[in-house]
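Worksheet: one structure, shown below.
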Amino acid sequence: MRLARIAIFISGSGSNAEKIIEHFQNHESIKVSLLLSNNAEAYGLQRAARYNIATLVFNKVQFRESDEIISVLRAAGITHIVLAGFLWLIPQNLIEAFPNRIINIHPALLPKFGGKGMYGMRVHEAVKAAEESETGITIHEVNAHYDEGKILAQHKCGVEKSDSPEQIAAKVQQLEHQYYPQVIEKWVTTSL
Ligand code: GAR
């Protein structure tokens with residue numbers, strides 16, 4: 001069977017990345033091969049190192065103004081890219097190099113609460129301010145616009161009037177950790 005090799009891109013804590021790494025340990029046809037970050041301080045780099053996953057930190061010039069990252073991904077035999085709390089827009093050359101092979105998770109029910117600048121706690125604060133009765137997660141393919149690719153899965157949770165943005169974040173994170181690894185597995189498996 002063909003082996004799929006995943007590269008995970010992160011900018012911060014990397015709790016989703018860790019769940020994904022754990023999920024695919026010992027998987028027969030899917031391997032997490034590389035974790036990349038635009039942020040040298042991202043805690044997720046340490047998480048990956050604990051699992052002996054190779055890591056790479058890159059800057060804006062390398063990412064946006066060259067094919068350097070594409071070369072690294074190709075050299076590592078990467079077949080699929082997973083964004084897990086990665087905050088930079090994916091440049092066109094990378095999208096063209098991996099057509100329909102890049103997936104993202106967003107901590108709300110898109111198309112609500114998406115777009116540029118909508119990440120992390122800002123999303124949950126906006127959900128609270130809008131007095132939504134539910135929120136959740138959206139897992140989608142990535143195209144050249146923030147949060148606009150084909151939706152692959154959505155999962156919901158309730159929002160109580162008394163919930164703080166932090167409490168909303170905790171509920172959403174639980175959904176992310178529960179569902180993102182299995183949605184990735186299905187997505188990768190059906191594309192092999
Ligand atoms: C996650 O909640 C993810 O949905 C969000 O960043 C968080 C990363 O957490 N992504 C976005 O907001 C993208 N627009 P983690 O670093 O602990 O996995």
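Restricting attention to the stretch 10-26, the residues that are within 11 Å of the ligand (Cβ to nearest atom) and outside any helix (DSSP H, G or I) add up to 5. Could you identify the single residue in 123, 127 that is part of a helix (DSSP H, G or I), near the ligand (Cβ under 9 Å from one of its atoms) and either crowded, with 19+ Cβ neighbours inside 10 Å or within 12 Å of the chain's Cα centre (by Cα) (or both)? Every option except 123 fails the conditions. Residues of the stretch 119-150 that are touching a helix residue (DSSP H, G or I) at 6+ places or on another chain (Cβ under 7 Å) and either closer than 21 Å to residue 164 by Cα or among the small types (Gly, Ala, Ser) (or both): 121, 124, 125, 127, 128, 135, 136, 137, 144. With respect to being within 16 Å of the ligand (Cβ to nearest atom) and modelled with pLDDT of 95 or more, residue 171 fits the description.
Among the residues of the stretch 1-25, the ones that are buried (at least 16 other Cβ atoms within 10 Å of the Cβ), of a type outside the set (Gly, Ala, Ser) and farther than 16 Å from residue 76 by Cα come to 8 in all. Output the number of residues of the stretch 27-54 satisfying the condition of being under 13 Å from residue 11 (Cβ atoms) and either part of a strand (DSSP E or B) or in contact (Cβ under 8 Å) with a residue 24 or more places away in the chain (or both). Result for the stretch 27-54: 9.
Give the residues of the stretch 131-167 that are within 11 Å of the ligand (Cβ to nearest atom) and not in a strand (DSSP E or B), sorted by residue number. Across the stretch 131-167, the qualifying residues are 142, 146, 147. For the stretch 91-107, a tally of residues being in a loop (DSSP other than H, G, I, E, B), more than 8 Å from the ligand (Cβ to nearest atom) and either of a type in the set (D, E, K, R) or buried (at least 22 other Cβ atoms within 10 Å of the Cβ) (or both) returns 1. Restricting the search to the stretch 103-158, which residues are farther than 14 Å from residue 169 by Cβ and of a type in the set (Val, Ile, Thr)? Of everything in the stretch 103-158, those that are farther than 14 Å from residue 169 by Cβ and of a type in the set (Val, Ile, Thr) turn out to be 103, 138, 139, 142, 151. Please determine, by comparing only the residues of the stretch 26-49 that are of a type in the set (S, T, N, Q) and surrounded by fewer than 16 Cβ atoms within 10 Å (Cβ to Cβ), which one is nearest to residue 191 (Cα to Cα). Among those that are of a type in the set (S, T, N, Q) and surrounded by fewer than 16 Cβ atoms within 10 Å (Cβ to Cβ), it is 29.
The values are calculated or read from the model by the stated rules, or taken from the named source; none is laboratory data. Because the structure is predicted, anything quoted here is derived from the model rather than measured. Because the Cβ atoms are built from the backbone with ideal geometry, glycine has one as well, and the counts that use them run over all protein chains shown.
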